[in-house]
1. Filter segment 169-180 down to the residues that are more than 9 Å from the ligand (Cβ to nearest atom) and open to solvent by 10 Å² or more (accessible area, probe 1.4 Å), then identify the one that is nearest to residue 293 (Cα to Cα).
2. Test each condition in (1) of a type in the set (S, T, N, Q); (2) open to solvent by 40 Å² or more (accessible area, probe 1.4 Å); (3) closer than 30 Å to residue 160 by Cβ for residue 189 and report the one that comes out false.
3. Just to verify a result, which residue in segment 138-156, among those that are touching a residue at least 40 places away in the same chain (Cβ under 8 Å) and not in a helix (DSSP H, G or I), is farthest from the ligand (Cβ to nearest atom)?
4. Find the strands (runs of 3 or more DSSP E) located wholly in segment 1-106 whose residues include 1 or more that are within 8 Å of the ligand (Cβ to nearest atom), and list them.
5. Tell me which of these residue 163 doesn't satisfy, since it passes every other one: (1) assigned by TED's automatic domain parsing to the domain that holds residue 120; (2) polar (S, T, N, Q); (3) within 16 Å of the ligand (Cβ to nearest atom).
6. Quickly run through segment 315-324 and pick out the residues that are assigned to a helix (DSSP H, G or I) and more than 18 Å from the chain's Cα centre (by Cα).
7. Given the criteria surrounded by fewer than 19 Cβ atoms within 10 Å (Cβ to Cβ) and more than 13 Å from the ligand (Cβ to nearest atom), does residue 135 qualify?
Amino acid sequence: MSKAKVLLTGGAGYIGSHVAKLLTRNGYEVIIIDNLSSSNPRKIYGKLYKVDLKEEKSVLEILRKERPDIVLHFAAFISVPESLEKPFLYYENNVGNTIKLLSALRKAEINNFLFSSSAAVYGIPDVVPVSEAAELKPINPYGETKVMVEKILRDMAKAQEINYISLRYFNVAGADPEGELGPTYKQPTHLIIRALKTAKGEYPYLEIFGTDYPTPDGTCIRDYIHVMDLAEAHILAMEYLLSTRESLVLNCGYGKGFSVREVVSTVKKVTGIDFKVVETKRRAGDPPVLVADNSKIKKILKWEPKYDSLETIIKNAWHWELKQ
Ligand SMILES: NC(=O)c1ccc[n+]([C@@H]2O[C@H](COP(=O)([O-])OP(=O)(O)OC[C@H]3O[C@@H](n4cnc5c(N)ncnc54)[C@H](O)[C@@H]3O)[C@@H](O)[C@H]2O)c1
């Protein structure tokens, strides 16, 4: 049997580009739709159509021409603080354009779909590590957009209009260990990237937002997952969906958390640079602790992380950062 043809929206972005590389390595044919609005790719794996998802007609033409077996939907805006300042932009792109994409998929009769969801759907969870069964109560517009799309997909799947897997990523970090790919955000907001860029001298200091959270050292705790382990989860999820057609929602994280202070000290250790850190007040929209219960993905997809170490994540990201 020949390998599936896979279309990635947002495949020029950080996570999509790593997935595209792994798919290509595994013999899949990769097609990408990306408008390059928020990424600055150094290398593209696959055939790129520089198209905005809001152009439903163009998207439909691509789908009819390429006839992918499955669509992996990464394209979205991703900054929590920005979503609080410009909520409409987030609903328009993350929800409105996803509906346009789903509409084009229906017209082209393509019904296998992987969705990039987020731990932001949980808001401030009552129980940590948080499982997929937990109540969804996002505390920022970004998280709301992910919940809305998940609800649409759930209802469509119930009515047999789509087969989907929603992957709820926790904090994705690190870079391709071969040094070819890494984050290329135009406006990086993620802690590890900001810390490394501060070590490199691109920013005068690193801000810690909030030191009075109910955590052992007062700073927020997150579950950092290496982008290559996440890419592997996509391949497994895609193969599972194509063979079983069973719709699922799965957490993607390691099941352990690190505080902001722990991340900062690991960045200082890995880089050997003692950069300036400024403690400031809490930022709106940040839950104190987000750690995944990952038992479901491990059981169903037999996913086994290979890079489960904060130091490895930071080393790979530093290697990438030094080349930029
Ligand atoms: N990075 C994380 O830690 C994280 C965590 C949870 C969920 N996610 C989700 O993963 C997905 C990918 O995130 P990323 O970190 O790779 O971000 P990214 O910004 O690097 O990638 C998103 C890509 O989508 C493209 N895009 C955005 N809007 C588009 C549109 N309307 N038409 C065409 N292309 C468009 C951008 O140009 C970019 O290349 C997003 O859906 C995000 O919400 C990311």
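1. 177
2. (3)
3. 139
4. Correct list: 5-9, 29-33, 70-73.
5. Only one criterion in (1) assigned by TED's automatic domain parsing to the domain that holds residue 120; (2) polar (S, T, N, Q); (3) within 16 Å of the ligand (Cβ to nearest atom) is unmet by residue 163, namely (3).
6. Hits for segment 315-324 are 315, 318, 319, 320, 321, 322.
7. For residue 135, the condition - surrounded by fewer than 19 Cβ atoms within 10 Å (Cβ to Cβ) and more than 13 Å from the ligand (Cβ to nearest atom) - is met.
Per-residue answers, yes or no, for (1) open to solvent by less than 70 Å² (accessible area, probe 1.4 Å); (2) under 21 Å from residue 213 (Cβ atoms); (3) in the same structural domain as residue 142 (by TED's automatic domain parsing):
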| position | (1), (2), (3) |
| --- | --- |
| 232 | yes, no, yes |
| 236 | yes, no, yes |
| 263 | yes, yes, no |
| 267 | yes, yes, no |
| 270 | yes, no, no |
| 277 | yes, yes, no |
| 295 | yes, no, no |
| 313 | yes, no, no |
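The values are calculated or read from the model by the stated rules, or taken from the named source; none is laboratory data. Please read all numbers here as calculations on a predicted model, not as lab measurements. Neighbour counts run over all protein chains shown; Cβ positions are idealised from the backbone, glycine included. These area figures cover heavy atoms from the full protein model, side chains too; ligands, DNA and RNA do not enter into them. Shrake-Rupley method; radii C 1.70, N 1.55, O 1.52, S 1.80 Å.
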